[in-house]
Amino acid sequence: MQPYIFEVFSLDHIISLIVIIFLFITLLKYNEKIGIKDDSKTFLIVLSILMIFLDISEDIVRVFTGYYSITKDLPLQLCSIGVYLAAYNLVYRNQTIFNLIFYWGFVGATNAILTPDGDLFELRIFFFYSQGYHAALIFAVLWMMVKYDMRMEYKSIFQVVLYTNIIVGMITLINFILDSNYMFLRVIPNSISPFLMGEWPTYIVMVQVFSVVLVLLFISIQNYFMKSTT
């Protein structure tokens, strides 16, 4: 197989964004018309299984194509952890977990969808896998917001930043043991994201600063467009 060269806003990228937007609108606004009830537990279970399947099946494809590596393909990226937490939360709806995936989804996954790291896509299928599970993470958050009135509050920002940095600390240790770069804590990703500024460790600090600013913005948007029940 020829290696895949990803380019931001290439035809593949634009098509994936159009498909994601179409699915979001269809499933969030017209779900009842296509037979998915707002309170459908079956849909949430299927969605949860699909989210986990996306991550596991990508690993299977990587194994069979010779592109699997323990130093980059364990579910230790922040959004990968978020996918598993979101799959759980679609069924059980824990507020603390919701706050975390709100933060990771709207800030991290949105950035990953709009400005992917092309170094992660040795084959074309891996790009679509990445777009798929990042979109699923964001969709899970939106579903819980729209259908179950879950909200993140400003006062929760300190909590999610604290928990995130605890996880970062654990992943830093794993990176040291495996000589890996999970969460891009050792080497800056190959991305055109405007939030990646400076060299190590400056870009890590700047990403966190911009992440807090963005989550403040997303909470403001949430409160503006959706009636808060808190």
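Things worth noting here:
- Scan of region 137-155 for residues that are in contact with a Ser or Thr (Cβ under 8 Å, 6 or more places away or on another chain) and either surrounded by 17 or more Cβ atoms within 10 Å (Cβ to Cβ) or of a type in the set (Ser, Thr, Tyr) (or both), ordered by number: ILE138, ARG151
- Residue ID - nearest to TYR154 (Cα to Cα), chosen from residues in region 202-230 that are exposed (fewer than 14 other Cβ atoms within 10 Å of the Cβ) and among the small types (Gly, Ala, Ser): SER220
- Of all residues making up region 121-136, the number that are outside any helix (DSSP H, G or I), surrounded by 18 or more Cβ atoms within 10 Å (Cβ to Cβ) and either within 15 Å of the chain's Cα centre (by Cα) or acidic (Asp, Glu) (or both): 0
- For region 1-29, the tally of residues that are in contact (Cβ under 8 Å) with a residue 24 or more places away in the chain and not in a helix (DSSP H, G or I) stands at 7.
- Residue check, LEU162 in contact with a Gly (Cβ under 9 Å, 6 or more places away or on another chain), assigned to a helix (DSSP H, G or I), surrounded by fewer than 20 Cβ atoms within 10 Å (Cβ to Cβ) and at pLDDT 95 or above: no
- Selection status of TYR148, at pLDDT below 95 and farther than 23 Å from GLU58 by Cβ: yes
- Among the residues making up region 174-230, a single one is small (Gly, Ala, Ser) and on the phi > 0 side of the Ramachandran plot: GLY198.
- Condition broken by PHE158, with the remaining ones in (1) free of Cβ contacts under 8 Å to residues at least 12 places away in the same chain; (2) out of contact with any Phe, Trp or Tyr (no Cβ under 9 Å at 6 or more places or on another chain); (3) within 30 Å of PRO3 (Cβ to Cβ) satisfied: (3)
- Helices (runs of 4 or more DSSP H) lying entirely in region 30-120 (those with 3 or more residues that are of a type in the set (Phe, Trp, Tyr), free of Cβ contacts under 8 Å to residues at least 40 places away in the same chain and more than 12 Å from VAL141 (Cα to Cα)): 41-65
- Checking the stated criteria, TYR182 turns out not to satisfy the condition of being over 22 Å from TYR4 (Cα atoms) and more than 12 Å from the chain's Cα centre (by Cα).
- Just one of (1) surrounded by fewer than 13 Cβ atoms within 10 Å (Cβ to Cβ); (2) within 22 Å of the chain's Cα centre (by Cα) fails for GLU58. It is (1).
- In this entry, GLU199 is excluded by the filter for residues that are assigned to a loop (DSSP other than H, G, I, E, B), in contact (Cβ under 8 Å) with a residue 60 or more places away in the chain and surrounded by fewer than 18 Cβ atoms within 10 Å (Cβ to Cβ).
- Set ILE219, ILE192, ILE204: member being aliphatic (A, V, I, L, M), assigned to a loop (DSSP other than H, G, I, E, B) and touching a residue at least 12 places away in the same chain (Cβ under 8 Å): ILE192
- One residue stands out in region 93-115 among those that are of a type in the set (Phe, Trp, Tyr) and under 12 Å from MET145 (Cα atoms): the one that is surrounded by the most Cβ atoms within 10 Å (Cβ to Cβ), namely PHE102.
The values are calculated or read from the model by the stated rules, or taken from the named source; none is laboratory data. Source: prediction; values computed, not measured. FYI the Cβ positions are ideal-geometry reconstructions off the backbone, even for glycines, and counts take in every protein chain you see.
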